[in-house]
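Peer 1: Please find one structure pasted underneath; my questions will follow.
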Amino acid sequence: MSGMFEGGPPEPIDCLLRHASATESIADLDSGLLLLEGEEEEEIESKTETGVLAASGRNGEATANDRNKDLGESLEMTHKLILYQEVGGVACASLSPNKAPAISPRRSSVSSKKFQDPPCKEPPEEGQPWPQREALSFTRSLIFYGTGSVTEEHISACRYIEKARAMRLKYRKGGGTSLNDQLKTLANKETAEEGLEYAFGPDGVVELYDSTANEDRINLCTVPNIDEFVSDYNHLVEMVSEGFMRSFCFQRLQLLDSAYKMHFTANGAVENEAQSNLLGTDFYRTMKVDNHIHLAAAASAKQFVEFVRDKLKNEGDTVVLEGGETLSQVFKDAGLDTEHLTIDAFNVLADYSVYQRFDNFNGKYSPFRLAQMRKIFLKVDNHINGRYFAELTKMVLARHETSQGHNSAVEMRLSIYGMEREEWLTLANWVLEDWPGGDHPGPVLSSHNRWLIQVPRLWRIYCTKGGGVRSGARTFQEMLENLFCPIFEATLYPEKNPEVAELLKHIVGFDSVDDEGNSEAPCTCTRPGDWVEKKNPAYCWQLYYLWANIEVLNRLRESKGLNTFAFRPHAGETGDVMHLAAAYMMCGSINHGINLDRQVALQYLYYLDQVGLSVSPLSNNFLFRKIKTNPFPKLFKRGLNVTLSTDDPLLFHMSDDALLEEYSVARASFDLSMTDISEIARNSVLQSGFEDELKREWLGENYKRGVTYCEETKTHVPLIRAKFRAEHLALEHMLVTLTSAGKGKQVLNEMMVQFGLARDAHRKILMDNFMEVPFSL
């Protein structure tokens, strides 16, 4: 394979193994990243991941051309990260098109004369064997298969893939965001008067300014505007729709399917034995995070009914409505008594009536189909200030805290609708309230829960309310201001907004929810201040404005040393499959994503960048996709970053432990092994927003370096499985990079020679030994 390198292969070095997880950039691969001479890991991450591109010469004001130029430089830096992997005993690398950059060895004691399989852990000292080398067996799917395996269409497809991934870098990793050097200095001023101030710009995105500047104020943080986004989005849609792109990606996905089948056939027993030797741990003891669960439906139907029965029995005289009605009166007026307190009478469990009917599904949130019941028990803004809802929530969280049944945690969704600005304060007061009495007093906070804010796409309802600034007509801009102004103010002026500022410390991300199948307008460059139509704006248009303002908010909070937020929307549950294209550009992970099986090019992109998918097969089964046709097992076997979640236990699950039920059903329905479900559980932790110290506790100290560095005794995933996933991901990245650089045919010819030599050697061994066997009938 020396033909791949200028002057032969590079010197072996201490490979930095890293997995391209849901939160990693396009350069983060668990195949071994080599560092350029003179550059440390932190420097490269800073250049390729943060995307903080200061616009020199214009005081931070950057045009689209400036951002594209800076992005190109960032991508060039990414190409300097060389993938190192041994395939069939021959070292391969993914290089920039012309030549391999200079590589600096980081462990001089490693021999330069012998290439060996990259280790599962740190390389041993010279002369020592690789850890567990003899115990591990691997099956690799060869990249090239003979004459004609690399065609002009393949080259075009790989170049499109590289363009698509560069586009993701522009949005997902902030490569298109420009920051002024003043931002961090001003963000940490002691008083607001000499620091920063914010205002919504004409494009519908928050702008940050020096509060002391009187004239010619400069926006200190700029993101790609809606015109750039729409252009990029349309270009991505065109690329993934091309015939040669879909053919190439389908071929690669099919080969990944075959690779998993071959691996499992050859090594399934080895994986089972390896798991059985991991003493002190099992699937139940490993951490599993329910990444996608809506708070209003977090309790099971059984838990909810028992809770309501207890309140009616012990608090029947409590006034629960603004008109002075007590809980007993509410039930009596509805013609209900204790005999009606059964799961069937509550009518909250999903049935055939909700299939393809999101309106009926939403109605299931109201017990007895009575809206006032939902307001009393499942809302934070009511006459009792959400006390019942808080007690029910804390009861659910207690199960995770005490590890009843198994070790688990959750990431529950709280709703902010954008109808009124006071929503944030109301929610903050509810979460932080020191709730008295009950079995679980105190605020609605838990060591085993992190909050996400879900923003329902309810413009069609908001616009009918009237009272806007334009002669009674509301605009989408006002809705955005209701969503973002309170949290920008809490970030800039926490002393004036202490409750919301404190709440933000416990939030890890934002979600966008609603029926994706709803009719929507085409994606245009209309500004939010001009959107007054009653029709819902396009899904991707709404996603952009959430992402853009979250991006600015994150940069502001980052400059102040505060926590930041992931963007993890619902996407690909139903509706237009190209919703997944917008999510690919802007998100680290998504909820659902089952429509990926209808667009193979996007599916392959999601694989390469390991975009997280939190799939809920039981929810899908009742709403949009029957479990026998759910693509989850296909996505998992191909190596996408998938995990399981519950969505709405109140509606879809029969047991008190909804997450364990989800895993049990998936294991039986999809014929998953214990190694499979342990890997799925590990993915849930990697996708989650829990703090780094907790992830180190649940996955291992060096989990950031990749799945092969996650500790088996914590994840219960044998190293042989982690190595299989990491190596195949690296092979796919190398294939795309080499082919797009025009080196595919050159590499193919060299590999054909090497494979021929290996074949002849294997044949000779067989024949030599065969002749020694005595002939007998």
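The values are calculated or read from the model by the stated rules, or taken from the named source; none is laboratory data. This one's a predicted model, so the numbers in the text were calculated from it and none came from an experiment. Please note: Cβ atoms are built from the backbone with ideal geometry, for glycine as well, and neighbour counts cover all protein chains shown. Only protein heavy atoms, including side chains, enter the accessible area calculation; ligands, DNA and RNA are left aside. Shrake-Rupley method; radii C 1.70, N 1.55, O 1.52, S 1.80 Å.
Peer 1: When you go through 271, 215 one by one, which is the residue that is of a type in the set (Asp, Glu), part of a helix (DSSP H, G or I) and out of contact with any Gly (no Cβ under 6 Å at 6 or more places or on another chain)?
Peer 2: Every option except 271 fails the conditions.
Peer 1: Identify the single condition in (1) assigned to a loop (DSSP other than H, G, I, E, B); (2) out of contact with any Lys or Arg (no Cβ under 8 Å at 6 or more places or on another chain) that residue 690 does not satisfy, given that it satisfies every other one.
Peer 2: With respect to (1) assigned to a loop (DSSP other than H, G, I, E, B); (2) out of contact with any Lys or Arg (no Cβ under 8 Å at 6 or more places or on another chain), residue 690 is out only on (2).
Peer 1: Could you look through region 681-700, keep only residues that are modelled with pLDDT of 95 or more and of a type in the set (Gly, Ala, Ser), and pick out the one that is surrounded by the most Cβ atoms within 10 Å (Cβ to Cβ)?
Peer 2: Here the residue is 688.
Peer 1: Suppose the filter is crowded, with 16+ Cβ neighbours inside 10 Å and not aromatic (Phe, Trp, Tyr); does residue 279 pass it?
Peer 2: Against the criterion (crowded, with 16+ Cβ neighbours inside 10 Å and not aromatic (Phe, Trp, Tyr)), residue 279 does not qualify.
Peer 1: Would you check which residues across region 600-639 are closer than 14 Å to residue 571 by Cβ, buried (at least 23 other Cβ atoms within 10 Å of the Cβ) and without any contact (Cβ under 8 Å) to a residue 60 or more places away in the chain and list them?
Peer 2: If the condition is that a residue be closer than 14 Å to residue 571 by Cβ, buried (at least 23 other Cβ atoms within 10 Å of the Cβ) and without any contact (Cβ under 8 Å) to a residue 60 or more places away in the chain, then 606, 613, 615 are the ones that fit.
Peer 1: May I ask you to say which residue of 541, 547 is within 24 Å of the chain's Cα centre (by Cα) and over 27 Å from residue 686 (Cα atoms)?
Peer 2: 541
Peer 1: Got a sec? Which of 236, 312 is crowded, with 21+ Cβ neighbours inside 10 Å, assigned to a helix (DSSP H, G or I) and not charged (D, E, K, R)?
Peer 2: 236
Peer 1: Among the residues of region 150-191 satisfying the criterion of being assigned to a helix (DSSP H, G or I) and basic (Lys, Arg), which is most open to solvent (accessible area, probe 1.4 Å)?
Peer 2: Out of the qualifying residues, it is 184.
Peer 1: Might you check whether a residue that is over 27 Å from residue 742 (Cα atoms), of a type outside the set (Gly, Ala, Ser), exposed (fewer than 14 other Cβ atoms within 10 Å of the Cβ) and modelled with pLDDT of 95 or more occurs anywhere in region 220-231?
Peer 2: Within region 220-231, one or more residues are over 27 Å from residue 742 (Cα atoms), of a type outside the set (Gly, Ala, Ser), exposed (fewer than 14 other Cβ atoms within 10 Å of the Cβ) and modelled with pLDDT of 95 or more.
Peer 1: Can you pull out every residue in region 317-328 that is over 14 Å from residue 377 (Cβ atoms) and either open to solvent by 60 Å² or more (accessible area, probe 1.4 Å) or not in a strand (DSSP E or B) (or both)?
Peer 2: 317, 322, 323, 324, 325, 328
Peer 1: I would also like to ask the following. For residue 396, all conditions in the list (1) farther than 24 Å from residue 318 by Cβ; (2) within 27 Å of the chain's Cα centre (by Cα); (3) modelled with pLDDT under 95 hold save one; what is the number of the exception?
Peer 2: Every listed condition holds for residue 396 apart from (1).
Peer 1: So is residue 106 at pLDDT 90 or above and farther than 21 Å from residue 560 by Cα or not?
Peer 2: Against the criterion (at pLDDT 90 or above and farther than 21 Å from residue 560 by Cα), residue 106 does not qualify.
Peer 1: Any residue in region 743-769 that's farther than 20 Å from residue 151 by Cβ: show its pairings with residues that are surrounded by 10 or more Cβ atoms within 10 Å (Cβ to Cβ) at Cβ separation under 6 Å, as long as the two are six or more apart or on different chains.
Peer 2: 754/90
Peer 1: While we're here: What about residue 646, is it more than 28 Å from residue 168 (Cα to Cα) and in contact with an Asp or Glu (Cβ under 9 Å, 6 or more places away or on another chain)?
Peer 2: So residue 646 fits the description; yes.
Peer 1: Against the conditions (1) surrounded by 17 or more Cβ atoms within 10 Å (Cβ to Cβ); (2) in a helix (DSSP H, G or I), where does residue 299 fall short? Just the number, please.
Peer 2: (2) is the only condition that residue 299 fails.
Peer 1: Still on this structure: Check region 481-490 and report whether any residue there is crowded, with 18+ Cβ neighbours inside 10 Å, in contact (Cβ under 8 Å) with a residue 40 or more places away in the chain, of a type outside the set (A, V, I, L, M, F, W, C) and not in a helix (DSSP H, G or I).
Peer 2: There is no residue in region 481-490 that is crowded, with 18+ Cβ neighbours inside 10 Å, in contact (Cβ under 8 Å) with a residue 40 or more places away in the chain, of a type outside the set (A, V, I, L, M, F, W, C) and not in a helix (DSSP H, G or I).
Peer 1: Mind checking which pairs have a first residue in region 709-721 that is aliphatic (A, V, I, L, M) and a second that is outside any helix (DSSP H, G or I) and open to solvent by 10 Å² or more (accessible area, probe 1.4 Å), Cβ under 6 Å, 6 or more apart or different chains?
Peer 2: As it stands, the answer is 720/136, since those pairs meet every condition given.
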